[in-house]
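In what follows, a structure is listed as structure tokens, so that the remarks can point back to it.
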Amino acid sequence: MTTGTHDYVDDPRNADILISVNGDLVPRGEAVVSVFDSGFVLGDGVWEGLRVAKGGIVFLGAHLDRLYEGAKALDMDIGLSRDALTKRLIDCLNANHMSDGVHIRAMVTRGVKRTPYQDPRMTVGPATIVIIPEYKTPQPDVIAAGIRLFTVHVRRTGPAEQDQKINSHSKLNCILACIQATKAGADEALMLDPDGFVATCNSTHFFIVRGGEIWTSTGDYCLGGITRGAVITAAREAGLTVREKRFSLTDVYGAQEAFVTGTFAGLCPVREIDGRILGEAHADDKTGALPGPVVKRLTALYKDLVSRSLTPIGR
């Protein structure tokens with residue numbers, strides 16, 4: 001059975017959470033949006049996944065930057081200032097008495113439409129804003145064992161097709177990539193750019209370690225990852241060499257270590273790509289003695305950066 005970095009430990013407290021729907025706090029079982037909502041009809045919206053740790057929201061400023069930039073690219077008015085949206089996030093967390101081990105999905109769509117048609121002028125009323133906070137921690141076995149990736153045929157598109165910089169509700173290419181990887185028995189998909197160079201994964205960002213250097217893609221064909229950027233910053237602050245460059249699957253197969261990054265799980269080691277066990281130390285160990293030394297160090301550096309990035313929730 002495949003798992004992946006988004007596999008989480010079930011928490012019974014989530015059954016009773018309150019969800020913010022356009023500012024109203026609603027029990028989970030009663031939280032709904034209209035069937036005419038732009039997000040449901042067309043995937044017309046933007047979203048962010050955020051983490052809450054030690055009484056604060058992690059990298060909140062960077063997440064809001066990405067959310068508002070994506071909305072502007074879609075010519076969509078969120079209808080709330082950054083401060084007002086921050087207050088709504090914090091109010092939702094405080095109403096649920098949440099301060100640690102929480103993942104938030106904040107979703108903004110263009111709003112309810114007069115009829116199910118794509119033209120934004122068919123929208124009536126303000127944007128729909130939904131905030132779902134849940135108690136979620138990654139499955140420790142997944143992080144300990146590492147994940148398996150499979151390179152799929154579905155490519156990351158450029159800005160002329162669908163700009164990957166927009167964290168939109170329209171994720172069909174990533175879903176198709178995920179399906180192909182799952183059918184191949186892997187945990188997640190490794191996706192290439194239109195020229196066949198490594199771009200990113202379907203729901204995380206991808207890194208390799210070669211000769212003590214940390215490599216990741218140029219970023220031209222992937223979402224501007226918050227955790228990706230934080231890991232790069234933390235590594236460079238520590239004097240490590242990080243190269244954002246084009247590289248091929250040949251480079252990947254010969255890497256000493258590989259890992260993925262994401263808001264939910266942070267850093268997660270990769271033990272196998274397209275059936276190839278990474279690194280000489282793991283060549284005869286199918287379980288993967290992970291993480292490797294570079295990933296271990298980066299994980300510690302990233303956690304330190306997280307602790308310095310918190311926006312306090314308060315009470």
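Taking Val46, is it assigned by TED's automatic domain parsing to the domain that holds Ile131, touching a residue at least 12 places away in the same chain (Cβ under 8 Å) and under 20 Å from Pro126 (Cα atoms)? Considered against the rule, which asks whether it is assigned by TED's automatic domain parsing to the domain that holds Ile131, touching a residue at least 12 places away in the same chain (Cβ under 8 Å) and under 20 Å from Pro126 (Cα atoms), Val46 comes out as yes.
Considering the conditions (1) surrounded by 19 or more Cβ atoms within 10 Å (Cβ to Cβ); (2) in the same structural domain as Asn22 (by TED's automatic domain parsing); (3) not hydroxyl-bearing (Ser, Thr, Tyr), Gly146 is excluded by exactly one of them, (2). For the range 12-36, the set of residues classified as over 25 Å from Thr123 (Cβ atoms) and free of Cβ contacts under 8 Å to residues at least 12 places away in the same chain consists of Pro12, Pro27, Gly29, listed by residue number.
Looking at the range 141-154 only, could you name the residues that are over 18 Å from the mean Cα position of the chain (by Cα) and either assigned to a loop (DSSP other than H, G, I, E, B) or of a type outside the set (S, T, N, Q) (or both)? Of everything in the range 141-154, those that are over 18 Å from the mean Cα position of the chain (by Cα) and either assigned to a loop (DSSP other than H, G, I, E, B) or of a type outside the set (S, T, N, Q) (or both) turn out to be Asp141, Ala144, Ala145, Phe150, Val152, His153, Val154.
The set of residues from the range 77-87 being surrounded by 18 or more Cβ atoms within 10 Å (Cβ to Cβ) and touching a Ser or Thr at 6+ places or on another chain (Cβ under 8 Å) is empty. The numbered conditions (1) in a helix (DSSP H, G or I); (2) free of Cβ contacts under 8 Å to residues at least 24 places away in the same chain are all true for Ala71 except (2). Looking for something at pLDDT 95 or above, crowded, with 21+ Cβ neighbours inside 10 Å and within 23 Å of Ser38 (Cβ to Cβ) - is there at least one such residue anywhere in the range 92-104? Looking through the range 92-104, at least one residue is at pLDDT 95 or above, crowded, with 21+ Cβ neighbours inside 10 Å and within 23 Å of Ser38 (Cβ to Cβ).
With respect to the conditions (1) part of a strand (DSSP E or B); (2) not assigned by TED's automatic domain parsing to the domain that holds Leu290, His97 falls short on a single one, namely (1).
Matching residues to (1) farther than 25 Å from Asp16 by Cβ; (2) without any contact (Cβ under 8 Å) to a residue 40 or more places away in the chain; (3) hydroxyl-bearing (Ser, Thr, Tyr):
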| position | (1), (2), (3) |
| --- | --- |
| Leu80 | yes, no, no |
| Leu85 | no, no, no |
| Ala95 | no, no, no |
| Pro116 | yes, no, no |
| Glu134 | no, no, no |
| Thr137 | no, no, yes |
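The values are calculated or read from the model by the stated rules, or taken from the named source; none is laboratory data. From a predicted model like this one, the values you see are computed outputs, not experimental measurements. Positions of Cβ are backbone-derived with ideal geometry, glycine not excepted, and every protein chain shown enters the neighbour counts.
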